[in-house]
Amino acid sequence: MKPQPSGFDRLLARLDPDPGCAASEFARLRRTLVKFFDWRGAFAPEDAADETLERLAGKLEEVEVVDVPAFAHGIARLVLHEVQRGESRHATLDGVELVAPEKEETAAADGRLQHLRHCLEGLPRESRDLLLAYYATGDGAGKIEGRQRLARKWSLSPNALRSRVQRLRDRVEDCLRSKDAEGPEGGRHVFPGRLT
Amino acid sequence: MPDEAVIRQYLLGETSEEEAQALERAYFAKEEALDEVGAVEADLLEDYLAGRLAGSSRQRFETHYLRTPEHRRRLAMVRSLRAGAATPLRMRKVLYFFPLAAAAILVLAVLAVVWALRLPGETHLPQASVLTLRLPLVAVRGEGDIPTVHLRPGVQAIDLALERGQAAPPYAILLRTVEGREVWQGRSQGELPVIRIPAARLSPGDYVVELSGEGDAGPQRYALRVVQPRE
């Protein structure tokens, strides 16, 4: 569901008068909403985020809003309640998913692994190297030291490294989601935007 | 920046509504806070995969966090990333030692032929074997102490001897991956819950065993890890 143009334009203008900045602020707000619904356990976080943005755009025509992200949070909480009420009615359907035939599931898992490979190939090389190097530090005592060394190599603070890897993971996850939507024959995903 | 312990509780659904809202206000206001929650989530996933989550946190992770398909997919992705990150290094080592390995294989092949000629008529079959593993209840398991099966060549079945706990026979037993995929289910009629699972049904990864007994309120859970040593 897409917001109506007038409300959507108003939302962009409220986020930032500069159209370029408004677009990135909008992307940031949407990402925050998706994360909110995801961490609160909604089964379709993206749909819930879009529903929230549509309502937010509509509300901006009716009321004066000082803090748009805080207002969006309030609307998101209402949407979450509605979503959770709906999901509780479908709880038994989730159980059915768990007992799907094993062969089919194994094939799906193989497909997902292939998708992951494609998604990693779609990342800029530096980003891919960073992501894999981050996980190559292992689990033992050397993990912290290894990640500190990686941060120094990339001239980042340890926290900045974590954040960068976190965003890369998000990008891979977005790619995987779109691959799943495409089906098993999806092509190579090319990531838009800059290296994060 | 929000407190890491509070973020972990938030992700496991253990905060009060007030605490949850305070954290959300922080990450709606500042992108750094949003990234921090994401990074703590990633640490949580890694801790789970490394067996570093203590009993109650691990149980909460499985029953609350892994409830959604998105989170199960995320866990699978991190597991694959960890596995994928480890592979290139090993591959580089393999390539480095390839000429030496090729020579060693040639020597071994010659020795094998000589050995076969010395023992005419004797057949060498890989020995069939059954591994037995005792699984304690998740609630009493210590941190980082996941019972692990090493699927070596020749292993044909695994006997899992489950701690009985409060359950009473007959038992219904379900084995599933931590992502929720059912792998095997069966029944055990004996006094103690013991099940045999064909090794072919298992692939490397983390599993949850659920045991339900006669008249139980809910299943008892056990953690199991399967690894495949490289030949």
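The values are calculated or read from the model by the stated rules, or taken from the named source; none is laboratory data. Treat the numbers as computed from the prediction; the structure is a model and nothing was measured. Glycine also receives a Cβ, built like all others from the backbone with ideal geometry; neighbour counts cover every protein chain displayed.
Annotation: of all residues in the range B:179-207 being closer than 16 Å to residue B:137 by Cα and in a loop (DSSP other than H, G, I, E, B), the one that is nearest to the other protein chains (Cβ to nearest Cβ) is B:193.
Picking from A:77, A:10, which residue would you name as being in a helix (DSSP H, G or I) and modelled with pLDDT of 90 or more?
Values: A:10 fails: modelled with pLDDT of 90 or more.
Of the residues listed, the single one that is in a helix (DSSP H, G or I) and modelled with pLDDT of 90 or more is A:77.
Which fully enclosed helices (runs of 4 or more DSSP H) of the range B:1-57 have 2 or more residues being more than 25 Å from residue A:135 (Cβ to Cβ)? If you could, list the steps in order and put the result at the bottom.
On the way: elements: B:4-11, B:17-29, B:31-49.
By residue number, B:4-11, B:17-29.
Among the candidates A:61, A:25, which residue alone is of a type in the set (D, E, K, R), touching a residue at least 24 places away in the same chain (Cβ under 8 Å) and assigned to a helix (DSSP H, G or I)? Show your work before the answer.
Numbers: A:25 fails: touching a residue at least 24 places away in the same chain (Cβ under 8 Å).
Selected residue: A:61, the only one of A:61, A:25 that is of a type in the set (D, E, K, R), touching a residue at least 24 places away in the same chain (Cβ under 8 Å) and assigned to a helix (DSSP H, G or I).
Within the range A:13-29, if we keep just the residues that are modelled with pLDDT under 95 and either buried (at least 16 other Cβ atoms within 10 Å of the Cβ) or under 22 Å from residue B:18 (Cα atoms) (or both), the residue that is farthest from the chain's Cα centre (by Cα) turns out to be A:14. Residue B:39 satisfies every condition listed in (1) more than 8 Å from chain A (Cβ to nearest Cβ); (2) at pLDDT 90 or above except (1).
Name the residues in the range A:31-81 that are among the β-branched types (Val, Ile, Thr) and within 9 Å of chain B (Cβ to nearest Cβ), would you? Within the range A:31-81, A:32 is the sole residue that qualifies. Checked against the criterion of being surrounded by 19 or more Cβ atoms within 10 Å (Cβ to Cβ), modelled with pLDDT of 90 or more and acidic (Asp, Glu), the range B:4-19 has no qualifying residue.
Entry remark, the range B:156-178: residues being over 15 Å from residue B:221 (Cα atoms) and either within 11 Å of chain A (Cβ to nearest Cβ) or of a type in the set (S, T, N, Q) (or both) number 1 in total.
Does residue A:116 fit the bill of being surrounded by 18 or more Cβ atoms within 10 Å (Cβ to Cβ), within 11 Å of chain B (Cβ to nearest Cβ) and touching a Pro at 6+ places or on another chain (Cβ under 9 Å)?
Numbers: surrounded by 18 or more Cβ atoms within 10 Å (Cβ to Cβ): yes; within 11 Å of chain B (Cβ to nearest Cβ): yes; touching a Pro at 6+ places or on another chain (Cβ under 9 Å): no.
When the stated conditions are applied, residue A:116 does not pass them.
Among the residues of the range B:42-74, the one identified as more than 10 Å from every other protein chain (Cβ to nearest Cβ), surrounded by 21 or more Cβ atoms within 10 Å (Cβ to Cβ) and hydroxyl-bearing (Ser, Thr, Tyr) is B:48.
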